[in-house]
Amino acid sequence: MNEQIQQWIDTAQEMFGLSSFTRCATTTGYEKNEVNETDYRLIMEWLPPGMEERKEEDLNPDGTAVIEVDVRSGLLKSVVFVGGKAPQRGLTFLTGDKNEIVRWVEQMTGWTYGRHFIDSQSNHTYSFELAYKGVPVSPSGSIHVSLDDEKRLTFFSVYGQVPKENVIEETFTLTLESIQDIAFKRLVFCEVPSEEDEKWMPVYMIDEQFISNETGKPVVEELEVLEWKTKKNMNVKRKLIQYTPDEIDEEKIFDFPPHPDTKPITKKGRMKVKENSLLFLQSYSPKESGQWVLSNIRRSNGMIEARLTNKTDVSVVPRSWKLFLDKDSYDVISYQDNSWMLDQFEEYKNAEKAEITKEEAFDAIKPHLQLKKVYVLDGDTYRLYGQIDCHSAIHAVNGKVIHFVQ
């Protein structure tokens, strides 16, 4: 075994109290990350004491340790004890308070609290979001830590990138007053499910958006409306899609080859994606010409993914398809829809008709608008943007303010 990999295995075994565990798998893999770079991973799995092998293939029993190391940096990326069951002699904190956890996270990541990661919320014991000089970044990143009642580590994960030298720093000049027109345009009518009343609720709410600090103009997402005149009979024989990092030989991984998914999609390739997305809709939604938009074309898991969204749906979760296309032929090889998200509300009563105007709703929601600073990856550089958002909505019938739980 590679000497460096053996060293990481030994370190993980000692740090997390795995001396009585049985290491059942060690794999090296690579995949494209959110900033179109390649992540290189060492993944180690240990079975709990008393188990020499899995009883069921690919099924880890409670207490199994799954630990991941970033091969390029040698830093810890994740620690998971299946079922939240930590080893008896696992990594245990003295107090388990925030200050102690922050110091440990700083040691594990090399980042500084308040500069590279800031407070966030989740179901974990402690959560943070990644930042640049205390300002959140996009694509976003996160750090999560969970402890059991004995203050033993049961979960740790680091996801995302902290910008380094590729940042253009600016003085933030946007204000809520200066972006009122943009905010008004981002106020949309939609219907959200009310679990308490078991019906759809009509509301006006803010559709969040980035605004350039330099120009004061909003970032407009590229959406292409697809139209057709005839029905087709395309039949997709769906292939099984697996979301796992591609394995790579442990010796070759230290050459750090770029993952194939980082290769850009050509203009010709995008045209083929559009053509086959159109053919898919002509076959699977033939009566909805002009109602679907194409977006989010990207390489992933050795395929090309594209998203189709119905722009006429007023549901807070509009109907959508995710298409998977062959990277060479661009043929659709599988698809997923989001009907499962809507099926749970199938018995809900229809929403009432809106009685207040958009102008009235905007006046009511103004005090609850938020404008945050965010460093957004623009090409190869992070630039400062404003992000307009709101955690409240206006009931479209009675005009009451509804506050959503964050």
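Between Leu75 and Asn233, the FRET efficiency estimated from the beta carbon spacing at R0 = 56 angstrom works out to 0.60. Projecting the Cα positions of Tyr243, Ile297, Leu279 onto the charge dipole of the range 166-406 (unit charges on Cβ atoms of Lys, Arg, Asp and Glu, taken about the Cα centre) puts Leu279 furthest along the positive direction. Candidates Trp104, Ile9, Gln88 compared by Cα position along the dipole of the range 3-159: farthest toward the positive end lies Trp104, with charges placed on Cβ. Entry note: the chain has Rg to Rh equal to 0.99, where both radii use alpha-carbon atoms and Rh is the Kirkwood radius. Run the numbers on the range 172-213 and let me know its relative contact order in percent, using alpha-carbon pairs under 8 Å that are six or more apart. In percent, rounded to a whole number, it is 39.
Within a straight-line Cα-Cα reach of under 16 Å, Lys217 can be paired with the following lysines, leaving aside sequence neighbours fewer than 8 residues apart in one chain: Lys185, Lys372, Lys373.
Compute the relative contact order of the chain as a whole-number percentage, counting only Cα pairs closer than 8 Å that sit 6 or more residues apart in sequence. Relative contact order, the chain: 16 percent. Beta bridges from DSSP with both residues in the chain: antiparallel share about 95 percent, rounded to the nearest 5. P(r) for the range 44-91, from all Cα pairs and a bin width of 10 Å, is 25, 49, 23, 2 %, short bins first.
The charge dipole of the chain, taken about its Cα centre with unit charges on the Cβ of Lys, Arg, Asp and Glu (plus for the first two, minus for the last two), comes to roughly 1140 debye.
The charge dipole of the range 1-80, taken about the Cα centre with unit charges on the Cβ atoms of Lys, Arg (+1) and Asp, Glu (-1), comes to about 120 debye, rounded to the nearest 20. When the chain is described by a simple charge dipole with +1 on each Lys and Arg Cβ and -1 on each Asp and Glu Cβ, the residue from Gln387, Phe362, Thr27 located farthest towards its positive end is Phe362. Using a cut-off of 22 Å between Cα atoms, the listed pairs Lys164/Lys268; Lys77/Lys151; Lys229/Lys267 include Lys164/Lys268; Lys229/Lys267 as exceeding that distance. In summary, the aspartates and glutamates within cross-link reach of Lys237, defined as a Cα separation below 13 angstrom excluding same-chain residues under 8 places away, comprise Asp326, Asp331.
Looking at the chain, do any whole DSSP H helices span at least 15 angstrom along their long axis by alpha carbon and average -1.0 or above on Kyte-Doolittle, and which? Passing helices, by number: 98-109, 267-284. Here the dipole of the range 3-159 is about 400 debye; that uses its Cα centre as origin and unit charges on the Cβ of Lys and Arg (positive) and Asp and Glu (negative). Per residue, the convex hull around the alpha carbon atoms of the range 3-159 comes to 121 Å³.
Computed per residue of the chain from DSSP H runs no shorter than four, each worth -39500 (n - 2.57), the mean residue ellipticity at 222 nm is -4500 deg cm²/dmol.
Taking label points 7 Å from Cα along the Cα-to-Cβ direction, Thr266 and Met51 give a separation of 4.9 nm.
For the range 320-375 versus the range 160-236, the spacing of their alpha-carbon centroids is 10 Å. Taking a sphere under 13 Å around the Cβ of Val69 and counting the other residues whose Cβ falls inside, with K and R at +1 and D and E at -1, yields a net charge of -3. Annotation for Glu106 and Thr92: the two label points, set 7 Å from Cα along the Cα-Cβ direction, are 2.5 nm apart. Under the criterion of Cα pairs below 8 Å and six or more residues apart, the relative contact order for the range 1-114 equals 21 percent.
No value in this document is a laboratory result; all are computed from the given coordinates. Just so it is clear, the structure is predicted and the values come from calculations on it, not from any experiment. Positions of Cβ are backbone-derived with ideal geometry, glycine not excepted, and every protein chain shown enters the neighbour counts.
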